[in-house]
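Worksheet: one structure, shown below.
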Amino acid sequence: MAASDSTASGLRAVLIATAIVGALGYAIQLLAPALLADESVYVAFSVFWSTLYLGVSAMSGVQQEVTRAAHPAAHEPPNAVLRTFTLAAAGVVVVASAVVALVFGGRILPGSAVVTGVVLAVGLVGYLVVAVLSGVLYGLRLWRAIAWLMILDAAIRAVLLTVGFALQLPIGWLALLIAVPFVLAFGIVWLVIRRRVVGAFRLDVPLGRFAAHAWGTVGAAAASGVLITGLPMLIGITAAGSPPETLGALLLTITLTRAPIVVPIIALQSFLISAVFRGGRVRTARLIQILAALLAVVAVLAVAAAFIGPPIVSWVSAGRFEIAGWMVSVVVLSAGLVAAMSVTSPALISARRHTANLVGWLVAALLTIGALLLPVDASTGIAVALTVPAFVGLVIQAIALTRHPAKAGDPSATVTA
């Protein structure tokens, strides 16, 4: 009963935090087109947000693996494996930020490539330490600490950006206000929770195995980011010649319609690993039933979105952006497919099926990029990129869960056929 109560209270805490974070993030996305008078500034804001959160999506894989590997333990020494991994990963993140800034700097953030690299590095290293701490907290099931970390990050960002919008700060400063809350939220929570974390957990694998698993989950999460937060960046790069009002309408539609469907599932992935899939409590047949129900609901929403979506986009943008109803339906349907993959993914991670998880997301990501590069009109290419890759990836992951059930007696296996 105690375990059930702990799981129930954890779900409540994470769901409440997710709702608050979602509301604050949604408010930012609504304020941006309303308060940023220049369409090009709004596009730059959206593209940088997408770029940073593509990196965040990738490093959420670190959080997932730390969640899986961290187990409560009394009187442990400070975990050298996790510290070593975090320092090495931070170095990789800084180098990756510099490379991205040199290659794409002007198309991600107008101005100096150095500014782009620095801001990206601040945000991504900040999220890296947030991801590591969050994974440990999930492993220890310190639900309230997890909730506060989520809420603080979103609240600080919402306050800073609201001020930045009101002051009409340049895009470089707005980008910094997107990035720095990760660092601030980590620092505040770490000061409060440190004594309950240090020496209270162990990892179930050595450094080499942990790093291999982590890079696998990072690869899968990065690929998933292409289908989620990275879409505005990819669309901005591949359709750079399109009119700003056309791009703005599409980016705003993706933001408004996908977030309520995808973000809650993404936020619950570590909870699913920690409290739902661990211990073999969900069977594959039941999981497929859940996915079918999810997709049925999304199909209904997609039909409704064709009618109510265009006027909402026009209203939010004060009449500056217009979009066809069929495209709104495509965006909503694609969100359901990605949400479904975001359920099968933690099931595979919990069973240590990192390769199958990676393959599903990687194939979907590559197909997305390929579709955006097709020699067809922009609307057709984007519609294909939103739907077909996610469907193929979901099929790959579902087959992996069905055809390769967890081996009996394997304590790490958590999904059975």
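The values are calculated or read from the model by the stated rules, or taken from the named source; none is laboratory data. Because the structure is a prediction, the values reported are computed rather than measured. As a convention, Cβ positions derive from the backbone with ideal geometry for all residues, glycine included, and neighbour counts pool all protein chains shown.
Here are the numbers for this structure:
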read-out: Enumeration of residues in region 164-209 that are more than 25 Å from the chain's Cα centre (by Cα), in a helix (DSSP H, G or I) and farther than 19 Å from Arg83 by Cβ; value: Ala166, Val192
read-out: Residue identified as hydroxyl-bearing (Ser, Thr, Tyr) and closer than 18 Å to Gln289 by Cα among Thr368, Thr344; value: Thr344
read-out: Some residue of region 57-69 being crowded, with 20+ Cβ neighbours inside 10 Å, among the acidic types (Asp, Glu) and on the phi < 0 side of the Ramachandran plot; value: yes
read-out: Number of the condition not met by Ala74 [criteria: (1) closer than 20 Å to Val197 by Cα; (2) assigned to a helix (DSSP H, G or I); (3) small (Gly, Ala, Ser)]; value: (2)
read-out: Conditions (1) part of a helix (DSSP H, G or I); (2) within 23 Å of Val263 (Cβ to Cβ): number failed by Val384; value: (2)
read-out: Criterion violated by Pro232 - all others in (1) part of a loop (DSSP other than H, G, I, E, B); (2) modelled with pLDDT under 80 satisfied; value: (1)
read-out: Flag if Ser50 is closer than 18 Å to Thr229 by Cβ and either among the hydrophobic types (A, V, I, L, M, F, W, C) or in contact (Cβ under 8 Å) with a residue 60 or more places away in the chain (or both); value: yes
read-out: Test for Val313: is it more than 27 Å from Ala13 (Cβ to Cβ), at pLDDT 80 or above and in contact with a Ser or Thr (Cβ under 8 Å, 6 or more places away or on another chain); value: yes
read-out: Contacts under 7 angstrom Cβ, first residue in region 369-391 being under 14 Å from Leu251 (Cα atoms) and among the hydroxyl-bearing types (Ser, Thr, Tyr), partner at pLDDT below 90 and in a helix (DSSP H, G or I), 6 or more apart; value: Ser379/Met327
